[in-house]
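Encoded as structure tokens, the structure appears first; notes follow it.
The values are calculated or read from the model by the stated rules, or taken from the named source; none is laboratory data. Computed from a predicted model, the values in this text were never measured in an experiment. Positions of Cβ are backbone-derived with ideal geometry, glycine not excepted, and every protein chain shown enters the neighbour counts. The area values use the complete protein model at the heavy-atom level, side chains included, leaving out ligands, DNA and RNA. Shrake-Rupley method; radii C 1.70, N 1.55, O 1.52, S 1.80 Å.
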Amino acid sequence: MELKSKFFVVFLLLSAFVLSAFAAAVVLEDPELKQCQHQCKHQRGFDERQKQRERKCEDYIKQKREQEEQRRRSEGGGGRGGEGGSFYTREREEFEGRGQQQQQQGDENPYFFEDQHFETRIQTEEGRVQVLQKFNERSDLLRGIENFRVGFLVTEPHAFVAPTHLDADSILFVFEGRPTISTVRGEKKESYNLERGDLFRIPAGTPFYVLNRDKNEKLRIVELFKTVSTPGEYAAFHSAGGQDPESFFRAFSPEVLQAAFKTDRNKLDRLFGQQRRGSIIRASKEQVQRMSQQHGHGGGKGIWPLPFHGGDESSSKDSFNLFKKHPSHENKFGRLFEADFNDFKQLQEFNLVVSFANITRGGMAGPYFNSRATKISVVLDGEGYFEMACPHVDSRGRQRQSSGRSQQRQKSSPTYQRMSGDLRRGAVFVAPAGHPVTTIASRNNNLQVLCFEVNAHDNIRFPLVGKNNVVSQFDRQAKELSFNVPASEVESIFNNQKDELFFEGPNDQLEHGRAYA
């Protein structure tokens, strides 16, 4: 009996061993099970790496927020104590609570444009042409200026821009360099030697070409286009050229070209097939000298540039130098140069005023608003930021939709969002009519901004602070009823700022300098 028991125990142990071996063999022999185990192990490792990446990303975002807030405080937020301290504390809490407000300013602010919103239409070793996207592509809120486009022309010294014509009217502003612009109008060719500060108009369909006659300095021109054919769309048409730039003559059939030119096809193929260097190429010193000497003067005689005195007969010329007119506003915090229809009659067809603001480092312009004009501002140099009050968007920069009369009655006034953006060279921002806006220069550099005020006829710029501000002109009873405080309290605040348009910015330690164009 005892022998049988021992035999039974041995049998059980052998059975267990065989079953274990069989299970192991199944695992080894089943490729799907093996693959499943491998994937699970790999997925666990992937999840752990993903969590590490997410933690690093969160730490990076947190660090960037802290750096941005520290920069904002150092440039504009520190030292705001007194009775108003709770207001500024709330502002900081809103900034921290939203977290990604600065990203929203750039990505979702429909009034702010940066490098990624430009299209490069021409690029060679000698220069480039960039054009801002259509305004109404960014937002329907900008459809009022859908016929306007902004562009940049930048070339190297002694660069030549090939002849072309556009299906758009254009206003050019020379910021750097010394261009010679030649135009053909009817049977007359005219050339103009321009300089920094010059405004120049090229009517739609006018063939023209550009030369940078300076041997050392780059040419930088800001262009405002007003389309005349398809709203918001314009194109360049090259007559002279070959394969690059492609001449539009190549679109016609050989038979038509032979008949039109009365020339053999082989000669035509050679003429319209040689150029492959692009639309912007380098000119020789001799070519530069010849082209820059054969210039006209807008119907006058003498050597360009001519002296200008706003309002006299020089205003009928094809060019106007913005910096040769006295500033319309000037103090130690900035200077403003403006050209209107009386200064440069060519602006009348555009219904346009052009201005150049040079804001002293640490200074600010505004707040103010325009009654009718929409202002397109282009940053030419320096750094800073802008802020604007807007009733048309929500906290994420999206256009508000009508929510019905019942909800509209719950509040007697709209809610305003602060639209803002960090400004640097090449940035563009738009302030529609009626929108209060201010522009602030950094503490490091003057901020230079070129402005195109569209729909400028009968426009009035209303200052909101400083001398002659709107509120200071209200009746005392209107002040008390509107603010629900004594009129003397309103006046003590709105009459405290004595400067006009340009003011000391939100900086604690401003090193006052003088802004010069």
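Just subtract the alpha-carbon distance of Gln293 and Asp269 from 0.36 nm times their residue separation and send over the number in nm, one decimal.
Contour length minus Cα-Cα distance gives 5.4 nm.
How much FRET efficiency would the formula 1/(1 + (r/R0)^6) give for Glu233 and His326, where r is the Cβ-Cβ distance and R0 is 35 Å, rounded to 0.05?
According to the calculation, E is roughly 0.35.
Asn444 versus Tyr416, label points 7 Å from Cα toward the beta carbon: distance in nm?
It is 3.1 nm.
Cβ neighbours within 10 Å, averaged per peptide: list 473-483, 446-456, 348-358 in order, most packed at the top.
By packing density, highest mean first, the sequence is 446-456, 348-358, 473-483.
Expressed as a whole percentage, what fraction of the accessible surface of the range 176-244 belongs to carbon and sulfur atoms when a 1.4 Å probe is rolled over the protein heavy atoms?
The C+S portion of the solvent-accessible surface of the range 176-244 is 45 percent.
Just how far, in whole angstrom, is the range 438-502 from the range 170-225 if you go by their alpha carbon centroids?
Cα centres, the range 170-225 to the range 438-502: 37 Å.
Per residue of the range 116-127, what does 6.51 cos²θ - 1.76 cosθ + 1.60 with θ = phi - 60° give for ³J(HN,Hα)? Whole Hz please, x for Gly and Pro, Karplus curve as stated.
5, 8, 9, 10, 8, 8, 9, 8, 9, 5, 9, x
How would you order 273-283, 372-382, 228-238, 327-337 from highest to lowest mean count of nearby Cβ atoms within 10 Å?
With the highest mean Cβ count within 10 Å placed first, the list reads 372-382, 327-337, 273-283, 228-238.
Would you kindly derive the ³J(HN,Hα) couplings of the range 484-493 from the backbone phi angles with the Karplus curve 6.51 cos²θ - 1.76 cosθ + 1.60 (θ = phi - 60°), listing them in order in whole Hz, with x for Gly and Pro?
6, 9, x, 4, 4, 5, 4, 5, 5, 8
Please give me the summed charge of the neighbours of Leu481: other residues whose Cβ is under 14 Å from its Cβ, Lys and Arg +1, Asp and Glu -1.
Value of the local net charge: -1.
Say each of Asp475 and Glu125 gets a label point 7 Å from the Cα, pointing the same way as Cα to Cβ; how far apart are those two points in nm?
7.4 nm
Could you pull out the pairs from Lys226/Lys479; Lys188/Lys324; Lys134/Lys317 whose alpha carbons sit more than 32 Å apart here?
Check vs 32 Å cut-off fails for Lys226/Lys479.
Just to be sure I understand the model, the point goes 7 Å from the Cα along the line to the Cβ. What's the resulting Ala251 to Arg185 distance in nm?
Distance between the two pseudo-spin positions: 2.6 nm.
In whole Hz, what ³J(HN,Hα) sequence does the range 413-419 give by Karplus (6.51, -1.76, 1.60; θ = phi - 60°), x for Gly and Pro?
9, x, 9, 9, 9, 8, 9
Report the net charge of residues surrounding Val154, where surrounding means a beta-carbon distance below 15 angstrom and charges are Lys +1, Arg +1, Asp -1, Glu -1.
Result for the neighbourhood of Val154: -2.
Among 155-161, 489-495, how do they line up by average Cβ neighbours within 10 Å per residue, starting with the highest?
Sorting 155-161, 489-495 by mean packing, highest first, produces 155-161, 489-495.
Evaluate E = 1/(1 + (r/R0)^6) for Asp394 and Asp115, where r is the Cβ-Cβ distance and R0 equals 45 Å; express this FRET efficiency to the nearest 0.05.
Between Asp394 and Asp115 the formula returns 0.95.
Can you give me the long-range amide H partners of Tyr368? Hydrogens built in the peptide plane at 1.01 Å from N, cutoff under 5 Å, separation of 5 or more residues or another chain.
Distant-sequence amide H within range of Tyr368: Val437, Leu464.
Compute the FRET efficiency between Asp458 and Glu217 as 1/(1 + (r/R0)^6), taking r as their Cβ-Cβ distance and R0 = 30 Å, and round to the nearest 0.05.
Efficiency for this residue pair is about 0.15.
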